[in-house]
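**Q** The structure that follows is given in the form of structure tokens.
The values are calculated or read from the model by the stated rules, or taken from the named source; none is laboratory data. Bear in mind the structure is a predicted one, so any value in this text is a computation, not a measurement. Backbone-built Cβ (ideal geometry, glycine too); neighbour counts: all protein chains shown.
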Amino acid sequence: MSANVGERNPHEIALENFDRAADALGLSADVREMIKYPERVLTVTVPVRMADGQIHRFEGHRVQHSTIRGPAKGGIRYHPNVTLDEVKALATWMTWKCSVVNIPFGGGKGGVTCSPKEMSQDELERMTRRYTSAILPLIGPQQDIPAPDVYTNSQTMAWIMDTYSMTKGFPIPGVVTGKPISLGGSLGRNEATARGVFYTTQSACEHLKLALNGSKAVVQGFGNAGSIAAQLLHRAQSNVIAVSDSRACIYNKKGLDIPKLMAHKEKTGAVKGFPGAEIIKPEELLAMECDILVPAALENAIGSQNAGKVRTKIIAEAANGPLTPEADKILEKKGVFIIPDILCNAGGVTVSYFEWVQNEQHLFWEEQDIYNRLEKIMKRAFAEVLKIRIERKQMMRTAANMVGVGRVADAVKLRGLFP
Ligand code: NAD
């Protein structure tokens with residue numbers, strides 16, 4: 001459960017953050033016009049026969065924000081609140097994210113407005129296949145490569161890969177990443193986002209001279225990114241004192257036993273009812289005194305109404321867009337160190353890139369090899385962003401956007417993309 005403030009349109013926020021970075025970089029109006037807006041936007045109707053025999057019409061989108069530095073890359077979200085503006089924002093962030101970690105992709109995103117928790121596996125499979133065929137003209141291993149996002153997973157990717165391959169007559173694993181291992185998925189992809197969050201949090205702790213061992217952490221959202229980030233923090237002897245999912249927030253001042261909590265969530269489908277933990281309100285979770293706060297649910301979790309109450313030293317943005325620009329300003333003033341989403345959660349797309357490379361090469365890498373490469377990329381990107389923050393006296397978010405936007409702006413100029 002969250003205190004989602006829902007106060008801002010995420011696409012407006014993405015454009016505002018872009019402008020701030022573009023101003024700091026001194027980008028010309030021509031370059032801004034070329035890289036600011038999505039290149040392609042597709043909205044599709046997805047008719048699905050439901051278990052009761054009725055046809056239900058879902059609406060879906062696929063947005064390619066940029067293909068300047070490589071194929072569009074980005075996840076597919078199934079959620080009742082998916083809107084075209086949300087998908088545009090997420091696609092925009094993907095462009096800067098791939099650029100911050102310097103992998104050869106542009107940015108894309110997709111989504112279907114639906115309530116996946118109320119749908120059967122069969123309904124989800126039919127919807128996924130129909131959505132895939134509707135966005136087929138856009139996707140492909142050299143054009144646009146989807147991956148999982150909120151309420152989609154490796155099974156969803158397997159259905160997309162199969163539907164796409166059926167139209168070609170042979171298997172094409174490289175059309176999606178985040179696949180099951182037996183279908184060409186990469187070792188380590190499942191924990192990649194959380195590992196990236198962990199590696200950048202380690203770097204932030206080093207910078208702030210804060211010991212991870214014995215620190216207090218709070219995690220909002222206990223899905224793929226949040227639960228594994230909690231597990232990695234727990235393994236590093238950080239006390240994860242509170243976590244939440246869409247139904248409840250739980251707290252134990254001595255620290256939650258995260259492996260046992262993961263088993264509880266796996267068994268019951270929720271964090272609620274975990275022995276030894278008390279239930280708290282969503283607004284209490286975000287205001288809890290701690291060293292590391294990991295928002296790992298949805299956008300706009302912290303805005304102008306609740307930013308003043310946040311009491312943490314570090315915010316590690318596992319989620320995309322959890323802070324509004326108003327919250328950024330309030331938290332910066334309070335001295336909170338923010339690891340912005342396009343840097344913090346870039347581990348997922350980085351290992352997606354490794355998966356795509358392995359699919360293209362038909363050669364698979366060892367798990368430890370993947371983690372070593374990931375750690376190197378994440379820590380290098382963190383150091384690059386931190387350097388700009390210090391030298392140019394910018395907020396971490398603006399510094400990260402300056403790295404991301406700057407590289408795309410260079411690519412536009414080098415390609416000579418002006419008429
Ligand atoms: P997920 O579907 O696995 O988990 C989402 C979690 O958030 C669930 O535990 C759900 O119960 C919880 N949640 C939903 N609404 C909530 C609310 N209002 N308050 C509290 N918790 C709530 O999704 P995920 O893949 O872990 O994605 C989470 C965030 O991380 C999203 O912003 C996503 O875009 C971002 N992200 C994910 C990846 C990835 O590889 N999975 C990569 C980059 C960024």
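**Q** Could you give every pair whose Cβ atoms fall below 6 Å, whose first residue belongs to the stretch 181-193 and is modelled with pLDDT of 95 or more and of a type outside the set (S, T, N, Q), and whose second residue is more than 9 Å from the ligand (Cβ to nearest atom) and assigned to a loop (DSSP other than H, G, I, E, B), counting only separations of at least 6 or pairs across chains?
**A** Short answer, once both residue conditions are applied: 185/179.
**Q** Same structure, new question: Out of the residues in the stretch 230-246 that are out of contact with any strand residue (DSSP E or B) (no Cβ under 8 Å at 6 or more places or on another chain) and closer than 18 Å to residue 270 by Cβ, which is farthest from the ligand (Cβ to nearest atom)?
**A** Selected residue: 231.
**Q** How many residues, within the stretch 145-185, are part of a helix (DSSP H, G or I) and within 12 Å of the ligand (Cβ to nearest atom)?
**A** 3
**Q** Answer yes or no as to whether residue 195 is within 13 Å of the ligand (Cβ to nearest atom), surrounded by 15 or more Cβ atoms within 10 Å (Cβ to Cβ), of a type in the set (D, E, K, R) and assigned to a helix (DSSP H, G or I).
**A** Spelling it out, residue 195 is indeed within 13 Å of the ligand (Cβ to nearest atom), surrounded by 15 or more Cβ atoms within 10 Å (Cβ to Cβ), of a type in the set (D, E, K, R) and assigned to a helix (DSSP H, G or I).
**Q** Determine which member of the set 310, 294 is of a type in the set (Val, Ile, Thr) and closer than 14 Å to residue 283 by Cα.
**A** Answer to the check: 310.
**Q** Turning to a different aspect of this structure: Going by what's in this entry, would residue 237 be described as closer than 23 Å to residue 200 by Cβ and either of a type outside the set (Lys, Arg) or assigned to a loop (DSSP other than H, G, I, E, B) (or both)?
**A** Criteria met by residue 237.
**Q** Of all residues being more than 28 Å from residue 104 (Cα to Cα) and among the hydrophobic types (A, V, I, L, M, F, W, C) in the stretch 45-70, which is surrounded by the fewest Cβ atoms within 10 Å (Cβ to Cβ)? Just the residue, please.
**A** This residue is 55.
**Q** Given the residues 357, 310, 351, which is the only one that is out of contact with any strand residue (DSSP E or B) (no Cβ under 6 Å at 6 or more places or on another chain), under 20 Å from residue 190 (Cβ atoms) and more than 15 Å from the ligand (Cβ to nearest atom)?
**A** 357
Okay, residues lined up against (1) more than 23 Å from residue 15 (Cβ to Cβ); (2) among the β-branched types (Val, Ile, Thr); (3) surrounded by 14 or more Cβ atoms within 10 Å (Cβ to Cβ):
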position	(1), (2), (3)
353	yes, no, yes
357	yes, yes, yes
375	yes, no, yes
380	yes, no, no
385	no, yes, yes
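**Q** Picking from 300, 306, which residue would you name as being in contact (Cβ under 8 Å) with a residue 60 or more places away in the chain and over 27 Å from residue 378 (Cα atoms)?
**A** One residue alone meets the criteria, 306.
**Q** Assess whether residue 374 counts as being within 24 Å of residue 109 (Cα to Cα) and either at pLDDT 95 or above or in a loop (DSSP other than H, G, I, E, B) (or both).
**A** The answer is yes for residue 374.
**Q** Within the stretch 201-229, how many residues are more than 11 Å from the ligand (Cβ to nearest atom), aliphatic (A, V, I, L, M) and buried (at least 24 other Cβ atoms within 10 Å of the Cβ)?
**A** 2
**Q** So which residues in the stretch 132-144 are assigned to a helix (DSSP H, G or I) and either within 13 Å of the ligand (Cβ to nearest atom) or touching a helix residue (DSSP H, G or I) at 6+ places or on another chain (Cβ under 8 Å) (or both), if there are any at all?
**A** 132, 133
**Q** Could you tell me whether residue 188 is within 12 Å of the ligand (Cβ to nearest atom), outside any helix (DSSP H, G or I) and either under 19 Å from residue 352 (Cβ atoms) or of a type outside the set (A, V, I, L, M, F, W, C) (or both)?
**A** yes
**Q** Mind listing whichever residues of the stretch 247-271 are within 15 Å of the ligand (Cβ to nearest atom) and over 24 Å from the mean Cα position of the chain (by Cα)?
**A** Result: 251, 256, 264, 267, 268.
**Q** Restricting to the stretch 300-318, name every residue that is closer than 14 Å to residue 397 by Cα and either modelled with pLDDT under 95 or hydrophobic (A, V, I, L, M, F, W, C) (or both).
**A** 314, 315, 316, 318
**Q** Does residue 26 satisfy being without any contact (Cβ under 8 Å) to a residue 60 or more places away in the chain and within 14 Å of the ligand (Cβ to nearest atom)?
**A** Spelling it out, it is not the case that residue 26 is without any contact (Cβ under 8 Å) to a residue 60 or more places away in the chain and within 14 Å of the ligand (Cβ to nearest atom).
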